[in-house]
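Undergrad: Below you'll find the structure I mean.
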Amino acid sequence: MSKRNTVGAGNRITDVPGIQVGNAEDFDLRSGVTVLLPDQPAVAAVDVRGGGTGTRETALLDPSATVERVDAVVLSGGSAFGLDAASGVTNWLAERGRGYRIGEMTVPIVPAAILFDLRNGGNKDWGETAPYYRLGKDAVDAAGVEFSMGNAGAGLGATAGPLKGGLGSASIVASSGVTVGALAAVNPVGSVLMPESSCFWAWPFERNGEYGAHLPPPGDFPRDWEFDFSSETAGQNTTLVAVATDATLTKAQAQRVAIMAQDGLARAIRPVHTPLDGDVVFVLSTAKRSLKDPVEDIATIGMLAADTVARAIARGVYEAESLGQALSYRAGGS
């Protein structure tokens, strides 16, 4: 018999107890940074599927690695320059005594991933030093339960195929009481819409009209449809995702959830995990609820994570506003 679940109160990843999110943007630059900040160090894992990733500190998330918990996770625009955002967050945490203790030293653990938004028309003439260190500090300083979506944080400069991309989030509360939330900076080479339609690929998973409540087009979509890779935008992509849950997970269990959550990208974007994307899924556990059945519970959390990721991706595009030449979904870009 199937069980019922409900959308979280805020329908954001911050419905997960112990998780805050902060954004910082530079509209002249047309880029930004998003930080996930757990109240306490969180068990974390990662799964990487894209062919063009840019990351920092992800090797230590392997279950065989020594460090068990992270102090923050950073999603940033700026391509390789955006990795500096994690340094800003690291120093912000160190100034507050938060991090992994090694003798008398405190070393914050801050994994990060970046997307490409360097050719979106923003002013990238930043001189000797890119602004991402500052944006990282500003983002973590702004962390809270409430945060903006669409043209916010790492989603500010994002595009989704021909549409304006953005930052999206969603949550679900399982019948067991476990909460799962997802956050996505949506910048894929693929399309989030069914061909010749304004319907999101993720339409079956929508809750409460969160991205327009569009019904699928009547009849089958064109089966001879092929995706047109633009030589102008190829390699300028990546969808970054973070999933959080209050279930108590080991690193190995969190990694299994991350693997399952990647299916949410496949439910929302076509094509996905291409050689031109750097798709990454982080998973954080705030360990507020114990598992009753490790096998069944992990399967359920992973399933809910995949659905919630698909919703967060569609919502990121739906909430975005037109910027420069990138026309938003709601402005008729569909």
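Undergrad: Taking 7 Å along the Cα-to-C-beta vector as the label spot, tell me the Gln40-Lys3 distance in nanometres, rounded to one decimal.
TA: Inter-label distance under the simple model: 2.4 nm.
Undergrad: Which of the following values of Kirkwood radius over Cα pairs in Å was calculated from the structure shown: [x] 19.3; [y] 20.2; [z] 22.3?
TA: Evaluating Kirkwood radius over Cα pairs in Å on these atoms matches [x].
Undergrad: While we're looking at this one, here's another question. Go ahead and estimate [θ] at 222 nm for the chain from helices alone: -39,500 (n - 2.57) per DSSP H run with n ≥ 4, summed, over the residue count, rounded to 500. Show your work: numbers first, answer last.
TA: Values: 4 runs with 66 residues, N = 334.
After summing the helix terms and dividing by residue count, I get -6500 deg cm²/dmol.
Undergrad: With both bridge residues required to lie in segment 19-145, what share of the DSSP beta bridges run antiparallel, to the nearest 5%?
TA: On the way: 20 of 23 bridges.
The antiparallel proportion sits near 85 percent.
Undergrad: Shape of segment 81-234 from its Cα gyration tensor (a ≥ b ≥ c, root eigenvalues): rounded if a/c is under 1.5, otherwise prolate when a/b > b/c, or oblate? Provide the component values of the computation, followed by the final result.
TA: Numbers: a/c = 2.83, a/b = 1.52, b/c = 1.86.
Judged from the Cα gyration tensor, segment 81-234 comes out oblate (a/c at least 1.5, b/c at or above a/b).
Undergrad: Tell me, in nm to one decimal, what length is gained between Ala213 and Ser290 on full extension, where the rule is 0.36 nm per residue of separation less the Cα-Cα distance? Numbers along the way, then the final one.
TA: Details: separation 77, 0.36 × 77 = 27.72 nm, distance 3.51 nm.
Value of the extension gain: 24.2 nm.
Undergrad: With a ≥ b ≥ c the root eigenvalues of the C-alpha gyration tensor of segment 1-111, is it rounded (a/c under 1.5), prolate (a/b larger than b/c) or oblate?
TA: On the way: a/c = 1.43, a/b = 1.15, b/c = 1.24.
In terms of gyration-tensor shape, rounded.
Undergrad: For the chain, what proportion of DSSP beta bridges, expressed in % and rounded to the nearest 5, is antiparallel?
TA: On the way: 47 of 58 bridges.
Here the share of antiparallel DSSP bridges comes out near 80 percent.
Undergrad: Between Ala59 and Arg134, what FRET efficiency follows from the Cβ-Cβ distance if R0 is 35 Å, with the result rounded to 0.05?
TA: On the way: r = 27 Å, r/R0 = 0.76.
The calculated FRET efficiency here is 0.85.
Undergrad: Then there is this: Classify segment 119-171 as rounded, prolate or oblate from the Cα gyration tensor: take a ≥ b ≥ c as the square roots of its eigenvalues, call it rounded if a/c is under 1.5, otherwise prolate when a/b beats b/c and oblate if not.
TA: oblate
Undergrad: Considering only lysines 8 or more places apart in sequence, or on different chains, count the pairs in the chain whose C-alpha atoms sit under 21 Å apart. Could the numbers behind the result be given before it?
TA: Values: Lys3/Lys292; Lys124/Lys137; Lys124/Lys164; Lys251/Lys288; Lys251/Lys292.
Eligible lysine pairs with Cα atoms under 21 Å apart amount to 5.
Undergrad: Still on this structure, I have one more. Can you list the residues of segment 297-327 with backbone N under 18 Å from a point 7 Å past the Cα of Thr250, pointing along Cα to Cβ?
TA: Those under the cut-off are 297-302.
Coordinate-derived values only; no laboratory data. The model shown is predicted, which means the values in this text are computed figures rather than measured ones. Don't worry about glycine lacking a Cβ; one is built from the backbone with ideal geometry, like all the others, and counts go over all protein chains shown.
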